[in-house]
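The values are calculated or read from the model by the stated rules, or taken from the named source; none is laboratory data. Model, not experiment: these values are computed from the prediction. No Cβ is skipped: glycine too gets one built from the backbone with ideal geometry, and neighbour counts run over all protein chains shown.
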Amino acid sequence: MLSTIKSVYLNGLDGYTVQVEVDVSAGIPEFDIVGLPDESIKESKERVSIAIKNSGYEFESRKIVVNLAPASIRKGGASIDLPIAIGILISTNQLKNKRDLSKIAFVGELSLDGSINSVNGILPICIEAKKIGFDEIIIPKANEKEASIVKGIKAKGVKNLNEVISYLRGETNIDSYKTDWENIAYENQKYSIDFSDVKGQENAKRALEIAAAGGHNCLLIGSPGTGKTMLAERLITILPDLSYNESLEVMKIYSVAGLLNDKEPIIIQRPFRSPHHSISPTALIGGGRIPKPRGD
Amino acid sequence: MEEGGYQNHGEISLANYGVLFLDEFTEFDKNVIEVLRAPIEDGKITISRVNSSITYPSKFMLVAAMNPCPCGYYGSEVRECKCTDTLIKKYLSKVSGPLLDRIDIQVEVPQIKYEKINDNKVETSAQIKKRVNRARKIQIERYKQDNIYNNDSLTPKLMKKYCKLDYDTGKLLEKAFNNLKLSMRAYGRIIKVARTIADLEESKDIQKKHIAEAIGYRVLDKNYF
């Protein structure tokens, strides 16, 4: 039997729908994934089959083919584990689905015991899922705070495969986590440094004030020990507050890079990066061999 | 993860909507700082490899700090500089003209006088931030239809709309343009800085003094470079 489960996959910061088509038929037992998967997706065969077994279901030895459409785009990472597992359970008639699968996206990495591990880039995935038109997205529990920042889509955090199964059977409901964006206090920003630490230098301070207000580039020239570094480091204490839209843009990048804190995923401070001068061009502008988001 | 590429986000993307601070600017490899040229101008970076190309935003504010010469005391009033002319030229040439042209505000940080050390009438960050926030709010309000958040992101078309100069102010800028041999880009950037100075004063129009101050932040590259 054929089943189709939807997922959202990121290419850079742009997301697109991946249709996970699973077909289980009689024939020589095999398990194959097609649709330009890379090595990390090929490994998901082992994770999926063992996770299904350890969740109390049978992984039947029949001919199983999984197709990831669109088949022309290369995909990597483990976030497609969950939709593959759900597809196999539906195709083998072990899961009678009662929900509208065309409106739900599934994202998550499986562990061998059937629990669902967090993935990077949940924030942009949810933003893109909302843009594509999904009503709901099933995500790892550990990512739910981060996902709740996005307005207009129900992000449901799940701990393990069994929770997803009983939800799809209509036996349980999953509440989505809520973040009250308006109540996140900007006043919480406390610094141990202050512009009043630097005596004199009114000209440079004025220049930095203008730069901060308009976002202009700035160059400080001076003899050693005059306070150039001190001044620049204190710039963060006078930068304007991040707006919601700007904050979302900042968090998208940090989410894909896997740099968001699971407990406190919201960034309300403007980033301040000061790389050492031994940095390479690649580390400065980005890109490795394949410029894809980390671990996704 | 893909082979060989675990660092995929550059510092410039992580500094999006924030600050990229490059201390000891001249110590960076020349090819490292020159790659900044395009992202500074475009606000985004496109990385192309054999099988894919990806664009990340990079709307950062570059802040660089450097010494004026290898010994550090060229132009200083307190200590004598021991560098030869050629040495200084070589040192400063690490910052190229095209890059310098993209830096709107260039300012000297001199040695301070002893009397200043015990000066307690210094503004705190909170006081400055208040003014900065107010100026930024004015910008966000003004550009809410235009999908930009600050003066630095103004396009030439938007500048025509929001940065009108009166006759006198235009004349002043013309004089500076000719005398300082400014580039067309520097011209635009001076107006953007003047717009910010006017916003800090909550002035609706860009006045002569705003342009004059903005030009003042441009002359450094003629003194040193």
Take B:GLU108 and tell me if it is out of contact with any Lys or Arg (no Cβ under 7 Å at 6 or more places or on another chain), closer than 25 Å to B:LYS209 by Cα and not assigned by TED's automatic domain parsing to the domain that holds B:LYS209.
yes
Please identify the pairs in which a residue from region A:224-244 that is closer than 19 Å to B:GLY18 by Cβ has its Cβ atom under 8 Å from the Cβ atom of a residue that is part of a helix (DSSP H, G or I) and among the polar types (S, T, N, Q), counting only partners at least 6 apart or on another chain.
A:ARG234/B:SER125; A:THR237/B:SER125; A:ILE238/B:SER125; A:PRO240/B:ASN133; A:ASP241/B:ASN133
Can you list the helices (runs of 4 or more DSSP H) lying wholly within region B:87-171 that have 2 or more residues being charged (D, E, K, R)?
B:114-117, B:125-142, B:156-162
Could you list, in sequence order, all residues of region B:192-209 that are in contact (Cβ under 8 Å) with a residue 24 or more places away in the chain and within 11 Å of another protein chain (Cβ to nearest Cβ)?
B:LYS192, B:VAL193, B:ALA194, B:ARG195, B:THR196, B:ASP199, B:LEU200
Confirm whether B:ILE47 is in contact with a strand residue (DSSP E or B) (Cβ under 6 Å, 6 or more places away or on another chain) and not assigned by TED's automatic domain parsing to the domain that holds B:ILE190.
yes
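Answer yes or no as to whether B:ALA38 is at the interface with chain A (Cβ under 7 Å from one of its Cβ atoms) and modelled with pLDDT of 90 or more. First the steps, then the outcome.
On the way: at the interface with chain A (Cβ under 7 Å from one of its Cβ atoms): no; modelled with pLDDT of 90 or more: yes.
Spelling it out, it is not the case that B:ALA38 is at the interface with chain A (Cβ under 7 Å from one of its Cβ atoms) and modelled with pLDDT of 90 or more.
Here is a yes/no grid of residues against (1) modelled with pLDDT of 85 or more; (2) buried (at least 17 other Cβ atoms within 10 Å of the Cβ); (3) part of a helix (DSSP H, G or I):
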residue: A:GLU233; (1), (2), (3): yes, yes, yes
residue: A:ASP241; (1), (2), (3): yes, no, no
residue: A:LEU248; (1), (2), (3): yes, yes, yes
residue: A:LYS252; (1), (2), (3): yes, yes, yes
residue: A:SER255; (1), (2), (3): yes, yes, yes
residue: A:ASP262; (1), (2), (3): no, no, no
residue: A:HIS276; (1), (2), (3): yes, no, no
Just a yes or no: is a residue in region A:216-224 at pLDDT below 90, surrounded by fewer than 24 Cβ atoms within 10 Å (Cβ to Cβ) and among the small types (Gly, Ala, Ser)?
no
